[in-house]
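Right, one structure below, let's go through it.
The values are calculated or read from the model by the stated rules, or taken from the named source; none is laboratory data. This structure is a prediction, so every number in the text was calculated from the model and none was measured. Methodologically, a virtual Cβ is constructed for each residue, glycine included, from the backbone with ideal geometry; neighbour enumeration extends over all protein chains shown. For the accessible areas, the whole protein counts, side chains as well, though only heavy atoms, and no ligand, DNA or RNA atoms are used. Shrake-Rupley method; radii C 1.70, N 1.55, O 1.52, S 1.80 Å.
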Amino acid sequence: MRVIPSSALEILEFHKVLALVGERCTGEVARQKCSGIVPREDARWIREELMIAGDAMRIHEEQLTVITGAYPRLEDVLDQLRVDGLVVPGEELIDLLAVLLQVRDVLTFFNSEHGERFPHLAGLSSGLPDPADAINAMTAVLDEEGQVRPDASDTLRSLAKSLAARRRQGDQLFEKVIRKYADQGWLSDTLESMRNGRRVLAVISERKRQIRGIIHDQSATGKTAFVEPEELIEVNNDVIEIQGAIRAEERRILLELCDQLRPSVPYFAVAEDVLSEIDLYLAKGRLGMALKGACPEISDQPVLHIEQGRHPLLFLKNREGGKTTVPFDLHLQKGNRILLLSGPNAGGKSILMKSVGLMQVMVQSGLPIPADARSEFGVFEKLCVELGDRQSIENDLSTYSSRLQDMKEFVAAATDRTLVLIDEFGSGTDPKLGGAIAEAILDALIKRGVHGVLTTHYSELKVYAFRKKGVVNGAMVFDQESMAPSYQLRVGVPGSSFAFEIAERTGLPKEVLGYARKRAGKQTRALEDLLIDLERQKHALSEKLKAVREQERNLDKLVRNYERLQQDLTAQRKKFRLEQKERDYQHISQLNRELEKSVRAIRESHNLEAAQKELHRIKKAREEVRQEIGEINAALAQERSANVAWRVGDFVKVQNGLHTGQIERLEKNQATVIIGQLRMNVPVTDLTPAGDPLEINPRASVQHDLAREPVGQFNPLLDIRGLRADEAGELLEKFLDGALMSNTSPVRIIHGKGTGALRRLVVDKLKEYPVVETRHPEDQAGGSGTTIVEF
């Protein structure tokens, strides 16, 4: 993105946003990369950057950890590793180990299920090999402080043992010598010290020649001499010799380790770069969370659609101070590409303009912004910013001349991919002449199709914006009662400067204000009064509109409640009819049983013809009642489903069914419903809503309460597996009675194989009923674990 002038990003304080990102980086390398973040024009790159930043925000939102701590730079240690034969100190190799451990943690994180949940951020580390070999090689040699481990080689282990043994021997001799000379009073208060890597006695200077040994040093005062006693010279020589051998062996081990690591230096550089990139994106995500921000949509067309936008720096400052930042909505595209913003001083015009520019720069730099995710930003190729006093002493330019110079560059650079931000547009010279020039510049910008936000106090420009297509007035709302700014943006009407009202509020004398009103002219005062009046009317209409909308919402609720009550009343009526018919049906069933007794009596009296006529009459009456019940049930089901918008995945019950199923597919007025292992196609009018099914014991998946089963909805399947004998017997008797009452035949009883107890119970119970036939299905349908009964 080209910026005009070159200091435009600094004017918008983009550097402060980058500093906030850098503060949230874990490593120094990532912090340095922040300075390289610049706005770009590639829409594809911007989308990818925002998707990665979005992953980072979700990681922080879920409080997950990717990088566990700070990591050092590798530039110096890698430069040393590249040199053949150079031994890199262990204290520097430990920095490389720290980075590789972080890389391993990152790979472990994204190689888990997190890689699928955050694919855009995980893609940064894809293809990066696991550094396990290099980590194992270094941990086998170095300890946590970067020192060579005493057990790094057999030779080093042996030398360490020898050194420990000689030191123990030296300790014993030294203790003996100290006691000897201390008893004679020849030693100073400190008794012993170290000089030139050798253990020495702290001897009073007058006695130093009386102790056989080597004088290594004396104190600054000359009162103490440091003597290595003759008894310890050989032991000290051995200790120094062994220490030299240990250093040589450690150097050999480090040289061998460096030779082993040297071929992987290119990989180490890539690993550090990947780690710092992920660190940088995580920092962007942290900033996005701090801003309560989002990653907006990116449009291929030049557009500015900001929902609930806030200035990022102001938002963070206000949050620290416990203040609220008022958000704004701004939509600029096609017909209205330029917002001409007016209103009183200190009302928030400049902050809003800078917010637009800063958020645009952040978006084109791949950073989350403090706005709603529904916001949409186009990609601009040029950004023109004119803000503040740019008086140039070096070039002998006044403030206004400097602004005209900027305007010249803006017009020359203007295209439909240019975003223009101008504060106090037209000011700096004679109001009439300045207004005319500003209007001409604005007209040229509109013809070139630019987008932008311009602030002004000039009434002529407000009138021009009202008449001209492509530019729209906007105002920062001012509370006329408290005479204080509300910092709210209102698009569509110009704003008044409220100059006289504010001046009166500050206590200027009336004669001064009166003189000012006269000098302002009738036309100017009339226009300002008109703007103020428009603002009042707008506010009043807005309040009335809110009240009307609230009334509409209440009316909608009342209408919905009325319709629901009417539907419930209709359903209750039909339900009452159904209950009445069910009672009639039960009465007829009772008469039927009494009739059967009468038929047996008639048969005994050999009057068969009369019995058959009576039986036919009763059955016909019962069938008519059952048919009416079915019709009422169908009407109720249709009533229940008429106002339901069915969707795939809804849980439902099918008419005359007790079990809950789930809609698999919808096609016109037909639905495919899955109930257990069964799939059926039914009309949507036969469906009734059902709640999510409860988890049921699969061994008793089709049991039901026969006592509560509605008439006309008998289920011909009973599962008594897993029940006690008394429970199974009671349920079986109700089931068989229900089958007889509903004339259902055949029916299926699942009792299982097991010990055979439930099967024997079924056989015994069936002896009490007029059973025509019992049989068992094939093995795939239940085999001997199921009994089919026909009455």
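Annotations
- Our estimate of slack between Lys469 and Ala373, defined as 0.36 nm per intervening residue step minus the Cα-Cα distance, is 31.6 nm.
- Part-to-part distance (alpha-carbon centres) for region 260-330 and region 438-474, which is given in Å: 33
- The residues of region 34-186 have, on average, 54 Å² of accessible surface per residue, using a 1.4 Å probe with all protein chains present.
- With coordinates expressed along the principal axes, the C-alpha atoms belonging to region 226-348 extend over 98, 42, 20 Å, beginning with the largest.
- Once both labels are positioned 7 Å from their Cα atoms along Cα-to-Cβ, the gap between Ala690 and Lys734 label points is 1.9 nm.
- Above 17 Å, the calculated P(r) of region 312-359 contains 44 percent of its Cα-Cα pairs.
- Portion, in percent, of the accessible area of region 31-134 that falls on carbon or sulfur, probe 1.4 Å: 47
- Fraction of accessible area attributable to carbon and sulfur, region 228-329 (%, probe 1.4 Å): 49
- Peptides 410-423, 220-233 ordered by average Cβ neighbours within 10 Å, highest first: 410-423, 220-233
- Computed lengthening from Ile240 to Glu563, 0.36 nm per intervening residue step minus Cα-Cα distance: 106.1 nm
- For the pair Glu41 and Ala269, a Förster radius of 41 Å applied to the C-beta separation gives a FRET efficiency near 0.90, rounded to the nearest 0.05.
- Estimated vicinal HN-Hα couplings, Hz - region 761-770 in sequence order (Karplus 6.51, -1.76, 1.60; Gly, Pro = x): 4, 5, 4, 5, 5, 5, 5, 8, 10, x
- Extension reserve of the Gln172-Asp329 stretch, reckoned as 0.36 nm per residue once the Cα distance is removed: 48.0 nm
- The coefficient of translational diffusion for region 116-251, derived via Stokes-Einstein from the alpha carbon Kirkwood radius under 25 °C and 0.890 mPa s, stands at 132 µm²/s.
- Surface exposure of region 268-379, expressed per residue as accessible area with a 1.4 Å probe, stands at 33 Å².
- Dipole orientation for region 304-391: of the candidates Met359, Gly321, Val385, Gly321 has the Cα lying most toward the positive pole (charges on Cβ; Lys, Arg +1; Asp, Glu -1).
- FRET efficiency for the pair Glu667 and Lys292, taken as 1/(1 + (r/R0)^6) with r the Cβ-Cβ distance and R0 = 45 Å, rounds to 0.50.
- Arg209 versus Gln405: modelled label distance in nm, points set 7 Å from Cα along the beta carbon direction: 8.8
- FRET efficiency estimate (nearest 0.05) - Cβ-Cβ, His616 to Arg104, R0 56 angstrom: 0.05
- Label point distance in nm, Glu23-His216, each placed 7 Å from Cα along Cα→Cβ: 5.2
- Evaluated at q = 0.12 Å⁻¹, a Debye calculation over the C-alpha positions of region 1-94 (equal weights, vacuum) places log10 I(q)/I(0) at -0.63.
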